[in-house]
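Only one structure is covered here, and it is reproduced in the block below.
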Amino acid sequence: MQAFDTDILIAGGGLAGATLALAVCRLVPGYRVTVVEAFPLPEDPAPTDYQPSYDARSTALSWGARRIFEQLDLWSAISRQAAPIRHIHISEKGRFGVTRLASEEHRQPALGYVADNRWLGLCLMDALREQPAIRWLAPAQAESVTTLREGVRVGIRQAEEAFTLTSRCLVVADGGRSGLREDLGIAVHQQDYGQYALIANVSTERPHGGTAWERFTERGPMALLPQVSGPEPGHRSALVWTLSPEDLDDVLALDEAGRCARLQQVFGWRLGRFTRFGDCHHYPLSLITADECVRPGVALVGNAAHALHPVAGQGFNLALRGLMALVEAFRFARDNDLSPGDLTVLSRYRQQHAPDQQQTIGFSDSLVRLFGDEYPVIGAARNAGLVGLDILPAAKHWFARRAMGVTGGGSARQPSDRDREHWQ
Ligand SMILES: Cc1cc2nc3c(=O)[nH]c(=O)nc-3n(C[C@H](O)[C@H](O)[C@H](O)COP(=O)(O)OP(=O)(O)OC[C@H]3O[C@@H](n4cnc5c(N)ncnc54)[C@H](O)[C@@H]3O)c2cc1C
């Protein structure tokens, strides 16, 4: 029988790769895991050139994501700096329709949570450092893959050294522009939205009160997510503002006061005056889906499998459910004496994750399209839709459940009555 250097090699130690490494060690112990990450690991205080996954963004974590982090014994650490979302307010600039979702209507303490990506990275690294079964190669690049009769051989470069490692299974977690996916010849379906997401932390005169604001404008959607960290807790929100390339250039050319004024025009006065506009970062937006998410010896996860428009805050939440499906497949392999790279094992992951992926992408993409349309008739229908959503409890409940991440597949089980009693 062939000897392998490792059982599971995870290429990319970003949010998806690092969470998977922890999930494998905590939930299906026994596997040897190697993580190859191109950047140095996140530290506190942060070096200036920190890892892209743990950058200045914040992530809206669904209720389902909380359940998953609880299973990984990581939620108590994350929750120390996670802002609960108690209300979601959805509106459209210049139109009447408004929809409000409230956690109490769904008998939950929160509809979701907001955590800084950097904080998520620090919590993950703290937990991973304690795992003797994980070997970290960072900074190091996974550069190439060769499929073997069983398993894979991965070409790695670390500093000046180039070497190969064999593994029973390769998990490709190197992000939306995945080099390994390309090396494997896996085609993608890519659709550019022709927009950028500008992100920044902003402060407001009035406290956010745990409300996440989703606002659709004729130039693109924006979201303001409540934050707990920072110098003005309760008054600071994470802005995700979708802009055309020209509008992005205009905003970037403004000084802080000008940016606050421009945001005020678009968002309005519900939170009073915008008083601070922090450092800006921007990301080109496209929908990328890999045509294949498994092959013998290989599985794609996270953004390498699917990168979404951030409007509905679903990308990482979807990735998490996929990771749990993959962990379940690895459990099946371990219990049945199969290789984790066996196609029958990896097909279980695909079968469970594919319908969730399709539905979540459909939900996010249709939000972008529905609100991206400028025809007045569609605008009126949309208006009726938002008002209707506020009036029709069933539709609103459906929307809230999707936002909370409890409708998809994966093992993010829904809260039971016992949980509810406990959290109330
Ligand atoms: C503006 C914005 C806002 C978002 N907001 C939300 C939100 O609110 N909620 C939500 O659920 N999702 C959100 N998302 C999506 C979320 O950020 C992604 O789903 C998540 O970052 C995916 O993580 P990943 O680990 O798959 O990929 P990445 O974050 O891209 O990480 C890939 C990792 O692989 C490493 N790497 C790359 N190439 C190699 C190589 N050859 N060898 C070794 N390592 C390599 C990189 O250094 C990196 O660490 C948002 C996205 C954007 C752009």
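The values are calculated or read from the model by the stated rules, or taken from the named source; none is laboratory data. This structure is a prediction, so every number in the text was calculated from the model and none was measured. Neighbour counts are summed over all protein chains in view; Cβ atoms, including those assigned to glycine, are modelled from backbone coordinates with ideal geometry. These area figures cover heavy atoms from the full protein model, side chains too; ligands, DNA and RNA do not enter into them. Shrake-Rupley method; radii C 1.70, N 1.55, O 1.52, S 1.80 Å.
Counting only the backbone N, which residues of the range 125-163 are under 20 Å from the spot 7 Å out from the Cα of L27 toward its beta-carbon? 125-135, by backbone N distance to the label point. Residue by residue, the range 23-30 carries 3J(HN,Hα) couplings of 4, 5, 5, 7, 9, 10, x, x Hz when phi is fed to the Karplus relation 6.51 cos²θ - 1.76 cosθ + 1.60 (θ = phi - 60°); x denotes Gly or Pro.
Label zone (D183, point 7 Å along Cα-to-C-beta; backbone nitrogen cut-off 20 Å) within the range 327-364: 341-342.
With both labels modelled 7 Å from their Cα along Cα-to-Cβ, the E70 to L343 distance reads 3.9 nm. Rounded to the nearest 0.05, the FRET efficiency derived from the C-beta distance between Q2 and D255 at R0 = 51 Å is 0.25.
Please give the length that would be gained between Q351 and T147 if that part of the chain were fully extended, namely 0.36 nm times their separation in residues minus their C-alpha to C-alpha distance (nm, one decimal). Working shown, then result.
Working: separation 204, 0.36 × 204 = 73.44 nm, distance 2.22 nm.
Stretched fully, the Q351-T147 segment lengthens by 71.2 nm.
In this view, the solvent-accessible surface of E246, computed with a 1.4 Å probe and all protein chains in place, comes to about 120 Å². FRET efficiency for the Q359 to E161 pair, using the beta carbon distance and R₀ = 45 Å, is estimated at 0.55.
Sequentially through the range 128-143, phi angles give Karplus couplings (6.51, -1.76, 1.60; θ = phi - 60°) of 6, 4, 7, 9, x, 6, 9, 10, 9, 10, 7, x, 7, 10, 8, 10 Hz, Gly and Pro residues having no value and appearing as x.
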